[in-house]
Amino acid sequence: MIAIINLRNESPLRELNEKRPLATIPVGGKFRLIDFTLSNLVNAGVSQVGLLLSAQSRSVLDHIRSGKEWGLARKGDGLFYLPEEVEDVVHPTEGDVPAYYKNLMFVERGNKPYILLTGCDMVQNIDYDEVLHFHRRHNADVTLIYQKQKYEFNRSGYALNIGENDRVLDIESRETLAAGENLYQRGVLIDSKVFESCIRKAYTQGYNYLITDVLKRNVDRLRIFGYNYQGYAKRIDTIDSYFQVNMDLLDAKTWHDLFLKDKQHHIYTKIKDEAPAKYMEESHVSNSLVANGCIIEGRVENSILFRKVKVGKNAVIRNSIIMQHTVIGDDAQLDYVVCDKNAVVQPEAILSGTKDKPLCIGKCTVI
């Protein structure tokens, strides 16, 4: 199968930096959000991946480059950048159908029987090879990936009504989802011929959204099935969800499920050669993730520090996320803070948010 990752119409975390695509939001000390999606694809043997780029994609190009770290720097297949046309930038269109239609040549040249469509807002380590076996076993036209919610999902999403033998009976748009409902995870495995036919008809008729305008309308005509993913998976689309996902990574079991559960399913990222973190004599660090290149002279608790963060003497950082190249001054105190990269917190500054509403500090800010 081939894959298309849709990076368009992604809502960035404006509290941090509204010009950075959601795909390159830093996660877990050294990763970016797109690393999880790309790694899941290459781990399943997908050798041809297309990226639907938005107008603001400089950081995506800088992070992924040729795709070497993911094994996608190839002569034949590999990584393909599918940028927006000038017309789309000047006159934006809603939905994903127009973007898919204008890049059908990529699907045709791929010459594979299946195509996987996914977004880039999920932190998970899913085996797409297993999804493909599920798709074949059910002789499906379309397979939608979903997860049964353990708790109430208080953001908008699509709920799947699953009948016998995993057949999808209906797709409903909801503002909130109750515990026990099936939340669609923005992953679609579809037969390439079915995809091409549906996209051409939908574009001709002026439809914009694949899920609501195409699949929901044809749930009785197409063989649509739901694959229940039971591993760790959380969507990042708000600052609260971003903060919660990073805090989840401090739990040893969650970290193991994402990064160490299967030795053949790694999460890859852009390689940067840095010296190991340096802990000075008076430093104290507990239950935290500290990336390479950090210099710590103060106290760090229940926090995530990205590469080359400097923590001054007697500074205290609790329950916070500090991104790369940030400097925390002497005697500063941070609690429930999300600090973007290249920021400077001056000595003796006191910054505090709450668990439900962390304080956000923008890129290159001096406080």
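Would you tally the net charge around E69, using a Cβ to Cβ cut-off of less than 10 Å, leaving E69 out, and scoring K and R as +1, D and E as -1? Mind showing how you got there, number by number?
Working: positive: R65, K68, K270; negative: D35.
Surrounding charge for E69 is +2.
All other residues with a Cβ under 14 Å from the Cβ of A202 taken together, and with Lys, Arg as +1 and Asp, Glu as -1, what is their net charge?
On the way: positive: K102, R200, K201, K216, R217, R221; negative: E94, D96, E196, D213.
Computed value for this residue: +2.
By count of other Cβ within 10 Å, fewest leading, how are H135, H325, H91 ordered? Let's see the in-between values first.
Details: H135 23, H325 17, H91 7.
In order of increasing Cβ crowding within 10 Å: H91, H325, H135.
Give me the one-decimal nm value for the distance between modelled label points at R65 and E87, 7 Å along each residue's Cα-to-Cβ direction.
3.6 nm
Which FRET efficiency value, to the nearest 0.05, do you get for N287 and Q264 by plugging their Cβ-Cβ distance into 1/(1 + (r/R0)^6) with R0 = 25 Å? Provide the component values of the computation, followed by the final result.
Working: r = 29 Å, r/R0 = 1.16.
E between N287 and Q264, to the nearest 0.05, is 0.30.
Mind scanning K68/K272; K75/K201; K30/K253; K308/K363; K68/K102; K278/K355 and naming the pairs with a C-alpha gap bigger than 23 Å? Don't skip to the answer; put the middle values down first.
Numbers: K68/K272 13 Å; K75/K201 33 Å; K30/K253 19 Å; K308/K363 15 Å; K68/K102 27 Å; K278/K355 29 Å.
Listed pairs above 23 Å: K75/K201; K68/K102; K278/K355.
List, largest first, the extents of the alpha carbons of the stretch 86-133 along their principal axes, each in whole Å.
40, 29, 13
Under the rule of at least 5 residues apart or a separate chain, name every residue whose amide H is placed under 5 Å from the amide H of I317.
Those qualifying (amide H under 5 Å, at least 5 residues apart or on another chain) are R299, V300, E301, L334.
Based on the Cα atoms of the stretch 133-188, what semi-axes does the equivalent ellipsoid have, where each is the square root of 5 times one gyration tensor eigenvalue, given in whole Å with the largest first?
Numbers: eigenvalues 95, 21, 19 Å².
Gyration-tensor ellipsoid for the stretch 133-188: 22, 10, 10 Å.
Normalised radius of gyration for the chain, please: alpha carbon Rg relative to 2.2 N^0.38 Å, two decimal places.
Working: Rg = 21.5 Å, N = 367, 2.2 N^0.38 = 20.7 Å.
Ratio of Cα Rg to 2.2 N^0.38 Å: 1.04.
Per the helix-only calculation at 222 nm, which mean residue ellipticity applies to the chain, given -39500 (n - 2.57) for every DSSP H run of n ≥ 4 and division by its residues, nearest 500 deg cm²/dmol? Walk me through the numbers on the way to the answer.
On the way: 9 runs with 73 residues, N = 367.
Calculated mean residue ellipticity at 222 nm is -5500 deg cm²/dmol.
For a quick check: sort D251, D191, D331 by the number of other beta carbons within 10 angstrom, fewest at the front.
Numbers: D251 12, D191 20, D331 16.
Ordered from fewest to most neighbouring Cβ atoms within 10 Å, D251, D191, D331 come out as D251, D331, D191.
When the convex hull of the Cα atoms of the stretch 278-361 is projected onto a plane and the area is averaged over all directions, what value comes out in nm²? It would help to have the intermediate numbers written out before the result.
Details: hull surface 17.1 nm².
Approximately 4.3 nm², given one-decimal rounding.
Between M280 and D77, with labels modelled 7 Å along Cα→Cβ, what's the label distance in nm to one decimal, could you check?
If labels sit at M280 and D77, their model points lie 5.1 nm apart.
At q = 0.12, 0.15, 0.21, 0.22 Å⁻¹, what log₁₀ I(q)/I(0) does a Debye calculation on the Cα points of the stretch 148-290 give, no solvent, two decimals?
-0.72, -0.98, -1.37, -1.42
Take C339, C120, C364 and order them by how many other Cβ atoms sit within 10 Å, fewest up front. Show your work: numbers first, answer last.
Working: C339 29, C120 25, C364 13.
Ascending Cβ contact count within 10 Å gives the list C364, C120, C339.
Could you tell me how many degrees, from 0 to 90 and to the nearest 10, lie between the Cα long axis of helix 239-248 and the main elongation axis, the longest principal axis, of the Cα atoms of the chain?
Helix 239-248 sits at roughly 80 degrees to that axis.
Separation between the H256 and I271 pseudo-spin-labels, each 7 Å from Cα along Cα→Cβ, expressed in nm?
2.9 nm
Quick note: the coordinates plus some simple rules give every number you see, no bench work behind them. Nothing here was measured: the structure is a model prediction, and the numbers come from that model. Cβ sites come from the backbone with ideal geometry, for glycine too, and all protein chains shown count toward neighbours.
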